[in-house]
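Peer 1: Quick one: this structure, given as structure tokens, is what I'll be asking you about.
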Amino acid sequence: MTESTSFPPLPDRLSIDPRSPHHAAAVFEHDVGIRFNDKERLDVEEYCVSEGWIKVPAGKTLDRKGKPLLIKLKGKVEAFYKVS
């Protein structure tokens with residue numbers, strides 16, 4: 001049995017927050033991985049490949065709306081689909 005699953009193209013900028021204009025629900029139907037400076041990161045909230053940055057939570061700090069406070073890290077960003 002061969003399954004040919006076509007993945008939607010990964011956008012240049014993607015956010016996991018459904019209220020963000022950069023959220024693409026079709027992409028999250030599959031497992032997405034982010035490699036930052038050649039190491040896989042599991043805590044990425046948002047990324048931009050062309051500008052070379054990711055946003056990750058800053059510890060357990062929350063903003064006034066109860067969401068994690070995010071910091072921006074700059075470097076080499078690669079997005080890919082995890083195939084199991």
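Peer 1: Quick one: which residue in 50, 6, 15 is of a type in the set (S, T, N, Q) and under 12 Å from the mean Cα position of the chain (by Cα)? Even if it seems obvious, please write down each step before you answer.
Peer 2: Values: 50 fails: under 12 Å from the mean Cα position of the chain (by Cα); 6 fails: under 12 Å from the mean Cα position of the chain (by Cα).
Among 50, 6, 15, only 15 is of a type in the set (S, T, N, Q) and under 12 Å from the mean Cα position of the chain (by Cα).
Peer 1: If you take the residues of region 48-84 that are closer than 19 Å to residue 12 by Cα and charged (D, E, K, R), which of them is modelled with the lowest pLDDT?
Peer 2: Out of the qualifying residues, it is 82.
Peer 1: Restricting to region 31-47, give me the number of residues that are hydrophobic (A, V, I, L, M, F, W, C) and either surrounded by fewer than 19 Cβ atoms within 10 Å (Cβ to Cβ) or more than 18 Å from residue 13 (Cβ to Cβ) (or both).
Peer 2: 2
Peer 1: Looking for whichever is over 21 Å from residue 82 (Cβ atoms) and not polar (S, T, N, Q) here; the options are 8, 21. Which one fits?
Peer 2: From the options 8, 21, the qualifying one is 21.
The values are calculated or read from the model by the stated rules, or taken from the named source; none is laboratory data. Everything quoted here is computed from the prediction, not taken from an experiment. FYI the Cβ positions are ideal-geometry reconstructions off the backbone, even for glycines, and counts take in every protein chain you see.
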